[in-house]
Structures are given as C-alpha cells and as structure tokens.
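Engineer: Structure provided below as structure tokens; questions to follow.
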Amino acid sequence: MDNETLLSVIQNNLSQSMPIDRNSSELAYYLGNPRGDEVEGRSQVVSTDVADAIEWMMPQIMRAFTQNNEVVVFDPLGPEDEEQAEIESSYVYDVIMKENNGFIILYEMVKDALIYKNGILKVFFEKSLDTRTYSFTGLTPEQIQATVSDPNVSVIGYTQDELTGLADIKLVVNTPRPRIYIECVPYEEFRVNNDHNSLSLENARFTAHTTFKTRSELIEAGYEREFVADLPAANVPYLTDGRFRQQNESPLWNVEDESVELIEISECYMKIDLDDDGIAELNKITVCGHESPTEILSIESLDYSPWVATTGILMPHKFRGLSIYDRLKQVQDQKTTLWRNILDNIYFQNNSRTLVVESQVNLDDLTVSRPGGIIRTKRIDAVAPLQTPQLASEAFGMLEYLDAVRAGRTGVAPEGEATPQRIGDRVGSQGVDRLLTAKEELVGLIVRLIAETAIKPLCLKVRDLCIMHMDAIQDYKFRGKWIPVNPSQWPNRSRASVRVGTGSGNRASQIQTLTQILQYQAQIYQAPGQSLVTPDKVYAALNDFAKYGELLGASKYFLDPSSPEGQQFLQSQLQTQQAQQQKQDQIQQQIMEAQVGLAQAELQKAQAQQDNVQLRAQIDQLKAELSGAKEAAAAAGKDADRTLKKFELETKTALELTKLEIESKMQQDMAYRQNLATADKDESKSGSGNSIESGDTEGEIGE
C-alpha cells in the first residue's frame, strides 16, 4: 500500500471516528459556569451539584486504589507459584505508583470518567533519553579525556587558557532511560471508530491519539530536522476547546522561535493489511495532521493495544458510559432555578415593587430612594407597595428533596451525624446500617467497575511490557527483604483477581468481623488437640485486618510463618522447646529422685525417733546410776582429799630434802674438783711419785 492510499485510509478513519463534542457542557456544569439564560438584575447563582458529588466520591475511590498494593493481584499457577505471584503483583503495582506517579494518573483517569463519561490511559514502553547539560572549569587534559570518553557525553563548548593549559568545557549528557510509561489521555484527544460497541479497546478496529508537539520535541524523538521543518504548523484557533479547554478564550500562541511551534500529530493504532497477506495486523502509524493528514512520520508493527478505558456507569454494548454529570444535570438545573427564585424573592421583599395611580404621583420622588425622603402625591392612596409572597419555606423543602435525590443517584452526601440520627429515630439502628450500606455500595460498584475495566487491564499490560523489555536482573525489596528480580523470566500468566469493590458491608464492619475472628482463633488455638487454627491462618487474619485498616499489611508488625524468616524462627522455637522439654525432664527426674530420698529420710526419721525413745530410756537409767555414783564419789572424795593433801605434803618435803642433798653434793663435787686441780699443779712440779693413780681418782668420783 503506497503512502497516498494509506493517508486516504487514515483520513477516512479519522473523519469517521467518534467526534469530539467541543462545546460539551460537562466541564461548564462541573465549574458552575453561567448557563446563558441569566437575566440582568435578577439572581444569577448556579448550583454545583455535579462538582460536589464528584468531589465527595473521589476520596472513597482513590482510597480504595491507593491504600495498599493489593487492588489487583495475579493468580498463582500452583502451590509453588504463590510467592512468585505475590512478587509480581507487588512489582507491577510499584511500577504504576512509583515510577509513573500513579496517584496523579489514576486521579485524572477517575475524574475524567466521572465528568466526561470515559477515562483513558495509554501504556507503552519507550527508550527515552535523559538530557542534561553540565559546565566544568579548570580541567586538565587528562580530566577532559576521562570525561569525554563516555559515548553518552557530547562537548558543546570548549575554551582553554594558553598560560595554564587548563580548559573550561560544557557537556551534554544523554542518559538512556528505558522504562514503561503510563499517561492519562484527555478524552478530547482520543479517537475510536464509531461502531465500536465495547468499553474494552483490545479489539477496536481503529483508535488514535491526536495531540500537539513542538518541532523541538519531534527532533528529540529522532525525526530529521529538515523533515520536521517542512511539517505544517497547527491551526492555533482550533485549540479553543481542545487542549486548552479550561480557558474561555483562544490562547495566543504567536511565537517567533520555530522550534516551539506546535505540530498536530495523530498516533493511529489500526488493524490494516500492509503486507498484502489477507490478514489485518495491528500497526501504529504516526501522521501529521488530524482531519486531513499530510505526512506519514513512522509506521510500527505492534503486538498489543496500548489503551485502557473505563467509565463510571457502564452502558452495555457501548464505549461511552454515563457520567455523574448525566445523573445530576437535571438536579443541578432544578436547584439552580430554585436558588434563583428564592434569592429573587428575598430581593423583592427587601426592595418591593410599588403600585402607583397614574398622574397622581411625582415619579421623580418615587424612583429616588432616600432615608426619610418624601413622595409627593395628589391622593393619599396613590402609592401602595406590591406584596410579594414568601417562598422560602416551600422552596427549602424542595431543596432538601433534591438533595435526597442527588444522594440516591450517586450514593454520596455531605450529611454528618445528625441525619443518621434522625433516620434512626424512625427506622432503628439496623435500618440505618442498611441505608448507609446501600448508599456505600453505589460508590463501591463504581470502584469495582473501574478496577475491573481499568486497573486490572493496566496491571496485565504493565506485566507484559516488563516481560518483553525488562531483561536485566534488578534488586527489589519485597516484604522488607531485597531479592533479585528478572521480569523477562516470569511465567505466562493471564489471570488476576480484583480485591476492591462492592462488599456486603463497609470497612468498619469488616474490621469488626475480623476482630471477632481473631478472638475465636485465639480461643481455639489454646484448646488442646485442636485442628482448626494454624499460624498461617492467624497471620492471614492479621494481614487482612491491617489492610482493612488502610495499612500495607501485617508483615511490618508480625512475622509471616510461611516466609524463610518465619520458618527459621519456627525452627529456633522448636529447638528452644526441645531444650526446655529436656530441661523440664531433668528437673522432673531430679524431683523424683528427691522424693525417693525424702521417703527414705522419712523412714530414717521414724527409725531415729524409735531409737531416740530407747536412747532416752537408757539416758534416764544412766542418769540415775550417775546420780548414785556422784553421791558415793562425794563421800569418798573427802577421804581422798585428806589422803591427797598428806601425800602432797610428804612429796613436797621429800622434794625439798632431795634438793638440799643435791645442792650439797654439788658443792662437795665442786670443792673436790678444785682440790684435784690444785693437786695436779703440784704433782707436775714434784714429779711422778706424788701422782694419784687415775683409776683410784675415777673410782672416787664415780662413788
């Protein structure tokens, strides 16, 4: 197919695709803009029921999508795949919420659906470049060489000092940023073939995204500069209600720099047979222009549709659903009319009209209102006030009725504690619960519809793109632990479950039910021999309890028994219990041994008591014998004392005599020795004849 034929086909599809209602009143009703039927001098107030209902619904809807990472979870393929499915669910949710500022994207999509009937998301993978400019001063040649050696670095400025040899350079660093992008596409920029009869766009024959890009953005996207320079600029007045539709006037886009001129670009996703094989394949064809495209910028074959669409109120067999505007437009018109009539009535009462008899009153005096001023008349009854009936009481009752109609159609209302209390006086507390639950389920149905038609397909598309393009191992934090993740190795998976939406009660009742379940589990778990409650079941209840309390889960506060840490802790607990059991057995053995010893001691004690009785009898007998012996000894002791004293005296006398004898003998011996010494001296002088025989001397000494 040549380019002219292809452009003709694209132009035909663009012209027959769902048109944009550029004069749409949804935004005017949301903003409370004047309706165009205002009368000068009368009330021009406008009710904002559409905006009020949407703003009351947004917190409930966004809380359901952002309170935790289990809005949509992938179904495991088997018991061994449960943890892997949880890892993929958490990873995909983080890609949506953290890498793409998911809160703002989801907020815009939901608000588009509530105001304009449909919210559109575009999901695609792109290898974009992060371009940054850096300036360095005083670099040596070695430093410059090391800096510019990176292939992603380009030098755009260079100056060198001839004296020092140092240089100043200016660099542009282009860092590749391959990632998955998610965009909320404004509804007026989206096209789909008119005969498309489903909210899902997977099988749409023709879709397109018509937007505006500057020439600079096209060059950065990889198009040749000469080719971009020849593209026609967009018709600026055409943007009145399109890209700048929140402005009441056409924007002034007169610029002198051609690099920022706007070019209208249409990215057309269509099933067409370009290779003439008789089968229409999905292709992305980018053209310049919208109603009359002039140039084909690129043609790319695709394996998937990038679109995700949702609505607030689904209409079967139609792409466009219903919005809150559709449900409340009539109520807002009625309330606006009532408000204006009430205010006009108050104005007329404060500044009432006057009945005047013609030609009997000075009209100049009548038309000039002055405190204490006079009105000149020819008759006393020529001037009379025109009575205006009060409408406030009836009108306010009608306003309350319309508020009830608004609450019934949308399920949200600004009532506080007073209104449920008044209802409870009439229908009882159970009736209040039923009424409040019914109202909440209206919003819950919208939450479930958006989750099924937008969040679930979005997660599946993001997962598929991760498998196709994320082929590197990454470190990912899951349940407080860093693990390696390689999305390209994930298994084929096409099923997912939505965990938000229309429950049988509100979140408070669910938390109350889980509280009772935990109490029952605690009671049953303590029963011996029970088989109903396991640690895994208790953790599941705690995990749901934390999530219903708008937390990420119980893993931050409790240990998952099925996790490696939980298994390790369980093993340590078993080892501790075994050690405690062994210690308890030892203590029990010691107690038994002590009891045996105690029994033996008791037996010995009884025997000792019996022996003690016998011993006491013997002691008493011995005491009696001892007493008699003492008496006999006392009598004999007196004679012994006298005998002892006599003996002591005799002994003392004998000792004294012996002492005297010894002293006398010693004196004699000393005298004898002296004499003997003298004799020896004399003998030595006189000769041996006068000597004393030694035998005789020794004999005398001995005697």
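Engineer: Using a simple spin-label model with points 7 Å from Cα along the Cα→Cβ vector, what separation in nm is obtained for E593 and R42?
Structural biologist: According to this spin-label approximation, the distance is 10.8 nm.
Engineer: In nm, give the distance between the simple-model label positions of K477 and N492, each being 7 Å from the Cα along the Cα-to-Cβ direction.
Structural biologist: 3.6 nm
Engineer: Running Debye on segment 365-406 with equal point scatterers at the Cα sites and no solvent, what base-10 log of I(q)/I(0) appears at q = 0.21 Å⁻¹?
Structural biologist: Debye intensities relative to I(0), on a log10 scale: -0.77.
Engineer: Counting pairs of alpha carbon atoms under 8 Å apart in space and at least six apart in sequence, what relative contact order in percent does the chain give?
Structural biologist: RCO, the chain: 14 percent.
Engineer: In Å, what is the Rg of the alpha-carbon atoms in segment 172-214, and how long is Dmax?
Structural biologist: Values for segment 172-214 (Cα only, Rg and Dmax): 15.3, 49 Å.
Engineer: Okay, next question. For the ranges 565-572, 595-602, what's the packing order if you count other beta-carbon atoms within 10 Å of each residue, average per peptide, and put the highest first?
Structural biologist: The peptides rank, most packed first, as 565-572, 595-602.
Engineer: Ordered by packing density, taken as the mean number of other Cβ atoms within 10 Å over each peptide's residues, highest first, how do 604-612, 218-226, 319-327 rank?
Structural biologist: Top to bottom by mean Cβ count within 10 Å: 319-327, 218-226, 604-612.
Engineer: Among the aspartates and glutamates, which fall within straight-line cross-link reach of K583, defined as a Cα-Cα distance under 16 Å, with same-chain neighbours fewer than 8 residues apart omitted?
Structural biologist: E593
Engineer: For the chain, what is the accessible area per residue in Å², given a 1.4 Å probe and the full set of protein chains?
Structural biologist: Ligands and nucleic acids excluded, the result is 64 Å² per residue.
Engineer: Could the peptides 307-315, 283-291 be put in order, highest first, of the mean number of other beta-carbon atoms found within 10 Å of their residues?
Structural biologist: 307-315, 283-291
Engineer: Which distance in Å, rounded to a whole number, links the C-alpha centroids of segment 74-146 and segment 658-678?
Structural biologist: With segment 74-146 and segment 658-678 each reduced to a Cα centre, they are spaced 136 Å.
Engineer: Taking every pair of Cα atoms in segment 447-568, average 1/r, invert it to obtain the Kirkwood radius, and report Rg/Rh to two decimals.
Structural biologist: So for segment 447-568, dividing Rg by the Kirkwood Rh gives 1.04.
Engineer: How high is the FRET efficiency from T294 to S259, r the C-beta distance, R0 25 Å, rounded to 0.05?
Structural biologist: 0.80
Engineer: Still on this structure, I have one more. Go ahead and run the numbers for FRET between T159 and D326, Cβ-Cβ distance against an R0 of 45 Å, rounding to 0.05.
Structural biologist: Efficiency computed from Cβ-Cβ geometry: 0.10.
Engineer: Right, here's the next one. Do you know the relative contact order of segment 528-654, to the nearest whole percent, from alpha carbon pairs under 8 angstrom that are 6+ apart?
Structural biologist: 10 percent
Engineer: Only residues of segment 50-75 count here: report those whose backbone N is under 20 Å from the spot 7 Å along Cα→Cβ of L442, or say none.
Structural biologist: Residues passing the 20 Å test: 50-64.
Engineer: Lys and Arg at +1, Asp and Glu at -1: add these up for the other residues within a Cβ distance under 11 Å of Q16 and post the number.
Structural biologist: That works out to +1.
Engineer: Name all residues of segment 585-613 having a backbone nitrogen under 12 Å from the label point set 7 Å from the Cα of Q621 along its Cα→Cβ direction, giving them as ranges.
Structural biologist: none
Engineer: Keeping all protein chains in place and using 1.4 angstrom, which order do M97, M58 fall into by accessible surface area, from largest down?
Structural biologist: Largest to smallest exposure gives the sequence M97, M58.
Engineer: Please give the solvent-accessible surface of L106 in Å², to the nearest 10, using a probe radius of 1.4 Å with every protein chain present.
Structural biologist: Using a 1.4 Å probe on the heavy atoms, I get roughly 10 Å².
Engineer: Excluding ligands and nucleic acids, what accessible area in Å² is computed for K477 using a 1.4 Å probe, to the nearest 10?
Structural biologist: My reading of the accessible area for K477 is about 110 Å².
Engineer: Another one. State log₁₀ I(q)/I(0) for the chain at q = 0.06, 0.07, 0.08, 0.11 Å⁻¹ as given by the Debye formula over alpha-carbon point scatterers of equal weight, solvent excluded.
Structural biologist: Result of the Debye calculation: -0.65, -0.82, -0.96, -1.32.
Engineer: Rank these residues by their accessible area, most exposed first, probe 1.4 Å: W490, W482.
Structural biologist: Largest to smallest exposure gives the sequence W482, W490.
Engineer: Which entries of K127/K481; K117/K329; K122/K284 show an alpha-carbon separation above 19 angstrom in the structure shown?
Structural biologist: From K127/K481; K117/K329; K122/K284, over 19 Å: K127/K481.
Engineer: How much mean residue ellipticity at 222 nm does the chain get from its helices, if each DSSP H run of length 4 or more adds -39500 (n - 2.57) and you divide by all residues, to the nearest 500 deg cm²/dmol?
Structural biologist: -17500 deg cm²/dmol
Engineer: How far is it, in nm, from the label point at L551 to the one at Q582 when both lie 7 Å from their Cα along the line to the Cβ?
Structural biologist: 3.7 nm
Engineer: Counting only protein heavy atoms and a 1.4 Å probe, tell me what percentage of the chain's accessible area is made up of carbon and sulfur.
Structural biologist: Carbon-and-sulfur percentage of accessible area, whole number: 52.
Engineer: Quick one: compute the contact order of segment 68-118, relative version, from alpha carbon pairs under 8 angstrom and 6+ residues apart, as a percent.
Structural biologist: Contact order relative to length: 26 percent.
Engineer: Rounded to the nearest 10 Å², what accessible area does T214 have for a 1.4 Å probe in the complete protein model?
Structural biologist: 20 Å²
Engineer: Using R₀ = 45 Å, calculate the FRET efficiency as 1/(1 + (r/R₀)^6) where r is the Cβ-Cβ separation of T367 and M398; round to 0.05.
Structural biologist: Approximately 0.80, to the nearest 0.05.
The values are calculated or read from the model by the stated rules, or taken from the named source; none is laboratory data. In this text, all values refer to a predicted model and were calculated from it rather than measured experimentally. As a convention, Cβ positions derive from the backbone with ideal geometry for all residues, glycine included, and neighbour counts pool all protein chains shown. The protein model used for the area step is the full one, side chains on, heavy atoms only, and it has no ligands, DNA or RNA in it. Shrake-Rupley method; radii C 1.70, N 1.55, O 1.52, S 1.80 Å.
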